Amino acid sequence: MNTVTHILLGQTLSFTNDPFSTPLEDAVKLERRGAVALGQGKVLAVGSADDVPVPQDAKVIDYGDALIMAGFVDAHLHYPQTGIIASWGKRLIDWLNTYTFPEETRLGDPAYAREIAARYFDLALANGTTTSLSYATIHPTSVDAYFTEAQSRGLRALTGKTCMDRNAPDGLRDTAQSAYDDSKALLEKWHGVDRLGYVITPRFSPTSTPKQLSALGALWAEHPDCLMQTHISEQHEEIAWVRDLFPDARDYLDTYEAHGLLGERAVFGHAIHLTEREEDRLKEVGAGLVHCPTSNTFIGSGIFETARMKAQGQRVGLATDTGGGSSFSMLRTMAAAYELGQLKGQPLHPAQLIWLATCGSAQVLHLADEIGNLDVGMEADLVVLDLASTPAIAQRSARAEDIWEAVFPTIMMGDDRATKAVWAGGKPVSL
């Protein structure tokens, strides 16, 4: 029997369907005075405060007019780049050489890796992010540091050793064999432990030889329940580089598919400049695409066409892409996605933005049955948003005529001050 330990009161937001494909009134369930019952790390009941019973021993926490919803799911980031976020003035390849690779080299020191992992999770939780899919570095200890920190906090978290055997500095290259061996050992150590998931992680085709890509494809075939993450079609210079490195490939996607690295559980970051064939093939296999809007603008990559991709039937999530992305906040990330949609004449509704940052990302991670929505039986990873967290937001939301007008100013202008509370695995997080 499930025992209710906590009752949370406030406005509640749940999704009953995808608001990109279903009318809003049929996709979202809102309670202006709602209640959420928690117990054993799960959501046990959601509904009107008048309809959810309050057991005598349950602790009641009243959040007033704050919005209770699923915690944010960040589907693509680089926790090792936490310290170099918002570094000035470089495009992708220069960014890697100038900022990323020198910083990632430092994570060969286990103590430094632990320091950065702790700092990353502090910042993510302060912004309401309860699940993160990160790249580590080539160092197995960087994976250990991330998973150990997430485990100590009771978080659902995913990562993998980043594999690179060419076009990277000394100290940041492995080999095809060591990439396979290290990844396999880490997978066997961490995958499925508590709330952790191992992800097979070639950085991207330019930094892996065909031999290494094939080795990782073989490992994925041996462990098909794992996710595989990598990058694709972020910038035009990168695509041209891939064309030079793989002259026999049909396109960028083919450099992965030819080596067994394309499938339903693949997660491709960016995917901005895809060809028609690539789009068709990604949809056919059901792979996940992750939109990284603050990164795409900060590094000058281009515009991912979210509305078009969703209308096409692609599986799409949302991510900060720390540290190429310029914010740890999924609110800021949603705001950037809205702004980029406007540039394409395809503005996204607040419900669609929230869905991308929760349900959409959870779908991409194949965790939609466990996280990403405020629903009975889901893991109790929640964020409580103050919809009047600053004077500027408060004066706008006070004029709201419906819930979406009240929520949208927080999406567009909110930051960690909007995070009133976070719950992870049914337990409150100290912010």
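The values are calculated or read from the model by the stated rules, or taken from the named source; none is laboratory data. Nothing here was measured: the structure is a model prediction, and the numbers come from that model. Positions of Cβ are backbone-derived with ideal geometry, glycine not excepted, and every protein chain shown enters the neighbour counts. Calculation scope for accessible area: heavy atoms of the full protein, side chains included, ligands and nucleic acids excluded. Shrake-Rupley method; radii C 1.70, N 1.55, O 1.52, S 1.80 Å.
From the list (i) 21.1; (ii) 21.7; (iii) 23.8, can you say which value of Kirkwood radius over Cα pairs in Å was derived from the structure given? The calculated read-out lines up with (ii). Here each label is just a point 7 Å from Cα along the line to Cβ, and for residue 244 and residue 91 those points are 1.2 nm apart.
Roughly what % of DSSP beta bridges within the stretch 31-157 run antiparallel, to the nearest 5?
Numbers: 6 of 13 bridges.
Bridges in the stretch 31-157 that DSSP calls antiparallel: roughly 45 percent.
Residues whose amide H comes within less than 5 Å of that of residue 159, counting only those at least five positions distant or on another chain, are 134, 197, 199 (H built at 1.01 Å from N in the peptide plane).
Springs between Cα atoms under 10 Å define the GNM used for the chain, and in it the highest mean-square fluctuation of 52, 242, 364 occurs at 52. Of the solvent-accessible surface of the chain, computed with a 1.4 Å probe over protein heavy atoms with every protein chain present, carbon and sulfur atoms account for 49 percent.
I want to verify a result. In a Gaussian network model of the chain, Cα cutoff 10 Å, which of these has the top mean-square fluctuation: 116, 403, 303? Looking only at 116, 403, 303, the biggest GNM fluctuation is shown by 403. Note on the chain: lysine pairs with Cα distance below 28 Å, sequence gap of 8 or more or different chains, count 24. Spatially, the stretch 57-72 and the stretch 286-324 are offset by 30 Å when compared through their Cα centroids.
Multiplying the sequence separation of residue 402 and residue 111 by 0.36 nm and subtracting their Cα-Cα distance, what value in nm do you get? Walk me through the intermediate numbers first.
Details: separation 291, 0.36 × 291 = 104.76 nm, distance 4.92 nm.
Additional length available on full extension: 99.8 nm.
The loop-placed GluC sites (Glu not before Pro) in the stretch 368-408, going by DSSP, that have at most 15 neighbouring Cβ atoms within 10 Å of their Cβ come out as 401.
Projecting the Cα positions of 360, 135, 219 onto the charge dipole of the chain (unit charges on Cβ atoms of Lys, Arg, Asp and Glu, taken about the Cα centre) puts 135 furthest along the positive direction.
Between 300, 255, 201, the Cα set farthest toward the positive side of the dipole of the chain (charges on each charged residue's Cβ, about the Cα centre) is that of 300. With springs only between Cα atoms under 10 Å, which of 57, 416, 109 fluctuates most in a Gaussian network model of the chain? Fluctuation is largest for 57.
Which whole-number value in Å² is the accessible area per residue of the chain, probe 1.4 Å? Mind showing how you got there, number by number?
Working: 15910 Å² over 431 residues.
For the chain, the solvent-accessible area averages 37 Å² per residue.
The helix-only estimate of mean residue ellipticity at 222 nm for the chain, built from DSSP H runs of length n ≥ 4 each weighted as -39500 (n - 2.57), is -10000 deg cm²/dmol after division by the residue total.
Give the distance, in whole Å, between the Cα centre of the stretch 205-230 and the Cα centre of the stretch 338-368. Computed from Cα coordinates, the inter-centre distance equals 28 Å.
Which whole-number percent gives the relative contact order of the stretch 1-65, counting Cα pairs below 8 Å spaced six or more residues apart? Contact order relative to length: 42 percent.
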